[in-house]
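Here's the structure we're looking at; comments come further down.
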Amino acid sequence: MHPSLALLTWLTDPWTEALTRRALLEVVLLGIAGGALGGWVVSFNLGYSAESLAHALLPGLVGASLLGAPLLLGGAAGLLVAAVAVAVAGRIPGLDRDTAVAVVVTALFGLGALLALSPDTPAGLQGLLFGDVLGVSDTDLALAGGLVVVLVGALTVLHPRLLVIGLDRLSAPALGVRTLTMDVTVLVLLAVTLLVAVQGLGNLLVVAVLIAPPSAARLLTRRMAPMLVVSSAIAVVGAVAGLYLSYYAGTAAGASIAAVLVGTYLVLAAGTAAAAALTRARTRPTPEPAGAPA
Amino acid sequence: MHDPADLTTPTPPPATAAPVLLRAAGLACGYGAGAVLTGVELTLRAGDRVAVLGPNGGGKTTLFRTLLGELEPVSGTLERQARCAVVPQTERSRLDFPVSALDVALMGAVSRLPWWRRPGKADRRLARAALGQVGLAEHADRTFGDLSGGQRQRVLVARALVQDAPIVLLDEPFTGLDAVSADRLEQLLLQLADEGRGLLIATHDVEQARRWGTVLCLNKRQIAYGHADVLTRSVLEATYGGEIVDIDCAVHGHHDVVLPAHHHEH
Ligand SMILES: Nc1ncnc2c1ncn2[C@@H]1O[C@H](COP(=O)(O)OP(=O)(O)OP(=O)(O)O)[C@@H](O)[C@H]1O
Ligand SMILES: [Mg+2]
């Protein structure tokens, strides 16, 4: 067989089945959404919140799957319980906010894991932890498509105001930007994105799509709007590459995607650091050879 | 020595026909617990350039934040007839945030627009022109965090210009500016006042304050408000809580030098 034909077969082989084509569409949609929103998650230092929200979802998801209810409903209920628990725990005197969140989220995640791993629980629940992108339904795809439309629309409209907060939160009110409204909006968008993405990418790995692509994009761009576009592009390409990896290496899809995305960031970070060191070395005048002893 | 009680009576500025932009009566400002600044009696008219004088902690920034609506008045009344633009005092911006100087100047447009509207082409032109007015036209596309401290300060002035508000509050805008930039900013402030805007400018430079015509002296309470003539030795002493020593310097002419209060044996 001609080499270019072999390459073509290699590239198209994974997508001969409807199952994998749906997975491809799902990760492309989630990549666009996660990459764009992730830019703001990183800029607003919300990485910890994203991780916490994702983990707090777990008992709700497990509960819903045990009861045979829609996972989306279960996840939403889980988030609601977590929000109330965090608010209550935050009022306990002597317990600071971060600690309160950590306590609540760890407790909820532990509960979810306990339920998921108990012998009575039907198989397939580890899909909730590591994702089951090959098992996405038409509803899941429609939700992901809706998420992209809503998210890109909201981020486009709010972009100027989010920029104001990102640069200087304290001066934002003087520039006519309500910080509380914007914070709540970003957190709600984050919660919705996690709810939609968690089934495909898994509870433990979903945050990788929110954090790694924008971190990598930040190394390549100097303004926010291009950074968000590059972040989405990296997320999409990385997610598709992850699916190839999963197909040919037989690894779990969610884990493969997370590995490719984090790997991309690490390679880029090392590359830019090396490039910076190189330009420094070039611009420095060559040092005089040290006076060697005779 | 004057009785300090005399000084609390505000001297009204010369009556003019210009419209009133801002009026404060018996205003006390603070951060919830108690007032840190009391007795503010102030009428800002279109075209006024008011120098706000006071020691560190005198209440200049607190007054600005109250006028902006960021802080609720502790007591008294505050009538604001128009929008305020602001150049904040301290450099609080995140320098690692990926925005250009033009992006930052353009942020001024956000305060004029409803939440669903994005700044348009006209705003963009305005932002470039504003950067030109502060002498940064050729730096418009540079990353904000890569500019020098004085350049960033000037970008924030440009942002206030883009806000295009009838009232402009500038909190120590001359800090960190070189001589050329300071001259340019003086010209700009004059131009803004000529356009019929009301300006409140916090400064530590008494000579500059004399040039601007109207002064507001604060030291935990309002010490004086009115024409620069109110800047007598006793007013300056009450403002800065020290002893004023006259120095006739051959180079700089007549100067008032404020010494700390414990230098009384002079
Ligand atoms: N966020 C705050 N919370 C509580 N008190 C504050 C706060 N900011 C300032 N203060 C207090 O209010 C008083 C007035 O401070 P303010 O910042 O208005 O002074 P200033 O005249 O602007 O001084 P400077 O010349 O140093 O800028 C000070 O005693 C200060 O300690
Ligand atoms: Mg101040």
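The values are calculated or read from the model by the stated rules, or taken from the named source; none is laboratory data. Small disclaimer: the values here were computed from a predicted structure and weren't measured. Using ideal geometry, Cβ is built from the backbone for each residue, glycine included, and neighbour counts are taken over all protein chains shown.
Just a few scattered comments:
- Positions within segment B:59-88 being surrounded by 23 or more Cβ atoms within 10 Å (Cβ to Cβ), farther than 21 Å from B:VAL235 by Cα and either more than 10 Å from ligand 1 (Cβ to nearest atom) or of a type in the set (A, V, I, L, M) (or both), in sequence order: B:LEU67, B:ALA85, B:VAL86, B:VAL87, B:PRO88
- Count of residues meeting criterion [more than 10 Å from ligand 2 (Cβ to nearest atom), part of a loop (DSSP other than H, G, I, E, B) and in contact with a strand residue (DSSP E or B) (Cβ under 8 Å, 6 or more places away or on another chain)] in segment B:59-82: 6
Yes/no matrix, rows are residues, columns are (1) at pLDDT 85 or above; (2) within 22 Å of B:PRO55 (Cβ to Cβ); (3) aliphatic (A, V, I, L, M):
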residue	(1), (2), (3)
B:LEU216	yes, yes, yes
B:GLN222	yes, yes, no
B:ALA228	yes, yes, yes
B:LEU231	yes, yes, yes
B:LEU236	yes, yes, yes
B:GLY242	no, yes, no
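- Selection status of B:GLU91, within 14 Å of chain A (Cβ to nearest Cβ), assigned to a loop (DSSP other than H, G, I, E, B) and closer than 19 Å to B:ILE201 by Cα: yes
- Enumeration of residues in segment B:165-182 that are in contact with a Cys (Cβ under 9 Å, 6 or more places away or on another chain) and either part of a helix (DSSP H, G or I) or within 14 Å of ligand 2 (Cβ to nearest atom) (or both): B:LEU169
- Helices (runs of 4 or more DSSP H) fully within segment A:137-247 counting 2 or more residues that are of a type outside the set (Val, Ile, Thr), surrounded by fewer than 17 Cβ atoms within 10 Å (Cβ to Cβ) and within 14 Å of another protein chain (Cβ to nearest Cβ): A:138-167, A:206-220
- Being crowded, with 16+ Cβ neighbours inside 10 Å, assigned by TED's automatic domain parsing to the domain that holds B:VAL20, of a type outside the set (Gly, Ala, Ser) and in a strand (DSSP E or B) is a description that does not apply to B:LEU185.
- Single residue of segment B:32-54 satisfying the filter (under 17 Å from B:GLN208 (Cβ atoms) and more than 10 Å from ligand 2 (Cβ to nearest atom)) that is surrounded by the most Cβ atoms within 10 Å (Cβ to Cβ): B:LEU53
- Selection status of A:LEU261, modelled with pLDDT of 95 or more, more than 25 Å from A:THR16 (Cβ to Cβ) and within 14 Å of another protein chain (Cβ to nearest Cβ): no
- Residues of segment B:96-105 satisfying the condition of being under 20 Å from B:ASP171 (Cα atoms) and either surrounded by fewer than 20 Cβ atoms within 10 Å (Cβ to Cβ) or at the interface with chain A (Cβ under 8 Å from one of its Cβ atoms) (or both): B:VAL104
- For beta carbons closer than 9 Å, sequence separation of 6+ or different chains, a first residue in segment B:33-59 that is more than 14 Å from every other protein chain (Cβ to nearest Cβ) and a second that is among the β-branched types (Val, Ile, Thr) and within 7 Å of ligand 1 (Cβ to nearest atom), the qualifying pairs are B:VAL36/B:THR62; B:LEU37/B:THR62; B:GLY57/B:VAL36; B:GLY59/B:VAL36.
- Per the listing A:VAL133, A:VAL177, the residue uniquely under 30 Å from A:ALA241 (Cβ atoms), in contact with a helix residue (DSSP H, G or I) (Cβ under 7 Å, 6 or more places away or on another chain) and either without any contact (Cβ under 8 Å) to a residue 40 or more places away in the chain or among the hydrophobic types (A, V, I, L, M, F, W, C) (or both) is A:VAL133.
- B:GLU172 vs. criteria under 19 Å from B:LEU156 (Cβ atoms) and in contact with a strand residue (DSSP E or B) (Cβ under 6 Å, 6 or more places away or on another chain): yes
- Check on B:ALA137, of a type in the set (A, V, I, L, M), within 23 Å of the chain's Cα centre (by Cα) and either at the interface with chain A (Cβ under 10 Å from one of its Cβ atoms) or away from ligand 2 (no atom under 16 Å from the Cβ) (or both): no
- B:ALA85 in contact (Cβ under 8 Å) with a residue 60 or more places away in the chain, in a strand (DSSP E or B) and more than 9 Å from chain A (Cβ to nearest Cβ): no
- Here B:HIS204 meets the list (1) more than 16 Å from ligand 1 (Cβ to nearest atom); (2) in a loop (DSSP other than H, G, I, E, B); (3) not β-branched (Val, Ile, Thr) almost entirely, failing just condition (1).
- With respect to the conditions (1) free of Cβ contacts under 8 Å to residues at least 60 places away in the same chain; (2) outside any helix (DSSP H, G or I); (3) closer than 19 Å to B:ALA127 by Cα, B:GLY150 lacks only one, and its number is (2).
- Residue that is nearest to the other protein chains (Cβ to nearest Cβ), among those in segment B:112-133 that are surrounded by fewer than 24 Cβ atoms within 10 Å (Cβ to Cβ) and either within 19 Å of the chain's Cα centre (by Cα) or acidic (Asp, Glu) (or both): B:ASP123
- Test: residue in segment A:45-68 that is within 14 Å of chain B (Cβ to nearest Cβ) and within 30 Å of A:ARG218 (Cα to Cα): yes
- Qualifying positions in segment B:61-86 - more than 23 Å from B:PRO19 (Cα to Cα) and either touching an Asp or Glu at 6+ places or on another chain (Cβ under 7 Å) or not assigned by TED's automatic domain parsing to the domain that holds B:ALA33 (or both): B:THR61
- Scan of segment B:162-172 for residues that are within 13 Å of chain A (Cβ to nearest Cβ) and surrounded by 19 or more Cβ atoms within 10 Å (Cβ to Cβ), ordered by number: B:VAL162, B:GLN163, B:ALA165, B:ILE167, B:VAL168, B:LEU169, B:LEU170, B:ASP171
- Residues that are touching a residue at least 12 places away in the same chain (Cβ under 8 Å) and in a loop (DSSP other than H, G, I, E, B), drawn from segment B:110-147: B:SER111, B:ARG112, B:PRO119, B:VAL134, B:GLY135, B:LEU136, B:ALA140, B:ASP141, B:ARG142, B:LEU147
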